[in-house]
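Written out below as structure tokens is the structure these notes cover.
Please treat every number below as a calculation from the coordinates, not as lab data. Given the structure is predicted, the values throughout are model-derived calculations rather than measurements. Every residue, glycine as well, gets a Cβ built from its backbone with ideal geometry; the counts of neighbours run over all protein chains shown.
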Amino acid sequence: MDLRTTYLGFDLPHPLMPGASPLVEDLDTVRRLEDAGAAAIVMHSLFEEQITREQLAADRHFGAHEDSSPEAASYFPSETVFGVGPDTYLERIRRIREAVRIPVIASLNGATLGGWLDHARSMVDAGAHALELNLYSIPTDPEETGQQVEDRAVEIVRTVCAQVAVPVAVKLSPFWSSLPNLVRRFERAGAKGVVLFNRFYQPDIDPEALDVVRTLRLSDPHELRMRLRGIAIVWPATKLSIAATGGVLSGIDAVKAVMAGAKRTRAPRATAPSPRARWRDARARAAAAPRPAGPRSLRP
């Protein structure tokens with residue numbers, strides 16, 4: 001089978017790429033991913049809310065002793081304690097862009113409309129080939145309707161798409177009331193792709209310690225079914241590029257996502273422990289897999 005496809009306007013040799021993860025923090029690993037055949041590099045999200053909290057924490061710690069004595073400067077915490085600002089993220093974009101020849105997709109989760117726009121522009125200026133807007137939010141205001149939540153999301157997408165010169169994809173959770181309608185609205189707002197689905201962090205409760213416990217469960221194949229369902233529902237309603245993320249841990253998983261309608265799949269753990277072997281297996285299985293009645297190519 002011809003595995004060539006397009007995603008966000010980029011011509012790709014195949015639809016397989018690693019999902020957003022800390023792997024992008026090491027340039028040698030990024031180069032290994034490219035050597036192993038990754039079609040693009042997707043960076044983990046920059047969170048505006050986290051940046052704001054770190055800035056406030058830094059101000060609080062620096063300001064606590066600044067007027068206490070002439071030696072106050074010696075009380076200041078090391079600058080390495082607070083990763084304030086997006087500078088590190090932007091520098092990482094620049095270095096990855098210089099290190100590889102495949103598309104680099106930056107990801108952003110904003111907290112304010114101005115934050116979405118400012119950080120998106122900075123990412124493009126740093127060299128990102130495309131942007132992924134990670135609409136990761138949990139509505140908690142009982143006075144805010146579902147329509148208002150969707151309208152705000154569409155306005156974010158419209159504002160960013162109007163101000164940047166690179167293609168924009170929207171990463172969604174599975175919990176929207178009418179996914180096909182929302183995706184069509186994103187398309188009209190200027191988006192070029194949609195990513196299904198985001199994974200929410202779900203804390204647990206320790207009844208003995210009487211405390212909330214932070215948990216991080218890695219993606220597993222059982223999560224793929226929800227992605228397949230979402231892709232199959234959205235695919236007939238839009239001309240956007242559709243990407244699957246989460247639950248893709250093997251070549252067969254990637255084949256399922258493509259058969260459901262995805263133009264691109266992300267394997268969240270397909271790079272460990274052997275990037276080359278995993279990617280080659282995924283590509284080989286995808287190329288050899290039978291397709292339903294239809295074109296023998298992923299190209300439009």
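Could you derive backbone 3J(HN,Hα) for segment 9-19 from the dihedral phi with the Karplus parameters 6.51, -1.76 and 1.60 (θ = phi - 60°), listing whole Hz in sequence and x where the residue is Gly or Pro?
Listing the rounded values in order: x, 8, 7, 10, x, 6, x, 9, 8, x, x Hz.
Working from the alpha-carbon coordinates of segment 149-210, get Rg over Rh, Rh being the Kirkwood radius.
Here the Rg-to-Rh quotient is 1.18.
Ranking request for peptides 152-159, 22-29, 128-135: highest mean number of other beta-carbon atoms within 10 Å first, then the rest in descending order.
128-135, 152-159, 22-29
Order 186-197, 230-241 from most to least packed using the mean count of other Cβ atoms within 10 Å. Please list the in-between numbers first.
Details: 186-197: 22.2, 230-241: 17.7.
In decreasing order of mean packing, 186-197, 230-241 become 186-197, 230-241.
Sorted by average packing, counted as other Cβ atoms within 10 angstrom per residue and highest first, what order do 114-122, 248-256 take?
Ranked from most to least packed, the peptides come out as 248-256, 114-122.
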